[in-house]
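The next block holds one structure in the form of structure tokens; read it before the comments.
The values are calculated or read from the model by the stated rules, or taken from the named source; none is laboratory data. Small disclaimer: the values here were computed from a predicted structure and weren't measured. Neighbour counts are summed over all protein chains in view; Cβ atoms, including those assigned to glycine, are modelled from backbone coordinates with ideal geometry. These area figures cover heavy atoms from the full protein model, side chains too; ligands, DNA and RNA do not enter into them. Shrake-Rupley method; radii C 1.70, N 1.55, O 1.52, S 1.80 Å.
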Amino acid sequence: MKLMLPLDKDGVPYDEGSERASSVEDYKVTCIQFIKDISSDYLAWVDYYKLPEDEDKKRRTQIHAIVERTNDWIAKIATTIKGVDVVMNDGIQKMAESTAGYPFQIGVFVNNTSGYTIAKPGMIDINIKSVGKEGMKTKLGWHQKDKRFLISSTAPVTIDESNIPDGDFDLLDLHLKMDAQKCQLRDVVSFTVVVMETRDGQEYERRGKTTIIHMG
């Protein structure tokens, strides 16, 4: 059974926030509770999978950690309705990814940190590393047919796709550049990269890895 991933909520105008909450602080309280509530749905999926004990515990621990960290970011880092949305949806993406688990190794790093990161506005280096299981290779995939990365941000950002190799690698170790020159301090950017595990050029598995950046 496929796990349903959250919808892309890019492009929500700032003024829509006024219809959802009377203040940013009120909206934070609502979204913090929502993250707690929806985590039970993802934990229920873990139940459904009937995993070995170690893997079951690993996924539950990750989901609980995401709830705690995401809600801390909502409370302390987001400053606008849009910012709260970016952090909240980032947490939902991460919970979905942890629920599905990782059959092969993927790491996405900003300033040598993964998951919840900090960077200065400007050109930001993103390091993607991946290793397939024995006999398998990995390559960077596409989030959608016409969109390589899922990006949600409080300011315009782009990831340079001009030098992405198309091959499969025993050890994938890519450095990509994010143009965040239009960002200011306290902006937040969430992005998801998709990595595919392949054998003889055929895709076997694909997984997303979501990272959030606090411009600080």
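Before moving on, here are some points about what is shown:
- Taking every protein chain into account, the accessible area of the stretch 103-215 amounts to 52 square angstrom per residue (probe 1.4 Å).
- Local charge for residue 123 was computed over the other residues whose Cβ lies under 10 Å away, with Lys and Arg +1 and Asp and Glu -1, and equals -1.
- Largest first and in whole Å, the equivalent-ellipsoid semi-axes of the chain read 28, 23, 14, each the square root of five times a Cα gyration tensor eigenvalue.
- Length-normalised contact order for the stretch 127-186 - Cα pairs under 8 Å, 6+ apart - percent: 47
- Cβ-placed point charges (K, R +1; D, E -1), dipole of the stretch 20-101 about Cα centre in debye, nearest 20: 160
- 3J(HN,Hα) from dihedral phi, the stretch 140-155, Karplus parametrisation 6.51/-1.76/1.60, rounded to Hz, x for glycine, proline: 6, x, 10, 5, 9, 3, 10, 9, 6, 10, 8, 10, 10, 8, 7, 9
- Per residue accessible area in Å² of the stretch 20-101, where ligands, DNA and RNA are left out and the probe is 1.4 Å: 48
- Residues of the stretch 185-216 with amide N under 15 Å of a point placed 7 Å along Cα→Cβ from residue 49: 205-210
- Structural descriptor for the chain: relative contact order 22 percent, calculated from alpha carbon pairs under 8 angstrom and at least 6 residues apart.
- Most fluctuating residue given options 49, 27, 116, as computed from a GNM of the chain linking Cα atoms under 10 Å: 49
- Fluctuation leader among 97, 197, 205 - the chain, Gaussian network, Cα springs under 10 angstrom: 205
- Just the protein heavy atoms count here, and of the accessible area of the chain at 1.4 Å, carbon and sulfur take up 51 percent.
- Charged-residue dipole, Cβ positions (Lys, Arg, Asp, Glu), the chain about Cα centre, Debye nearest 20: 220
- Kirkwood-Stokes translational diffusion coefficient of the stretch 103-215, alpha-carbon pairs, 37 °C, 0.692 mPa s, µm²/s: 228
- In straight-distance terms, cross-link reach from residue 137 covers every one of the lysines whose alpha-carbon lies under 19 Å from its own, apart from those fewer than eight places away in the same chain; here that gives 129, 209.
- Inter-probe distance in nm under a simple model that places probes 7 Å from Cα toward Cβ, at residue 205 and residue 160: 3.2
- Partners for residue 120 among aspartates and glutamates (Cα-Cα distance below 14 Å; same-chain residues under 8 apart left out): 179, 187
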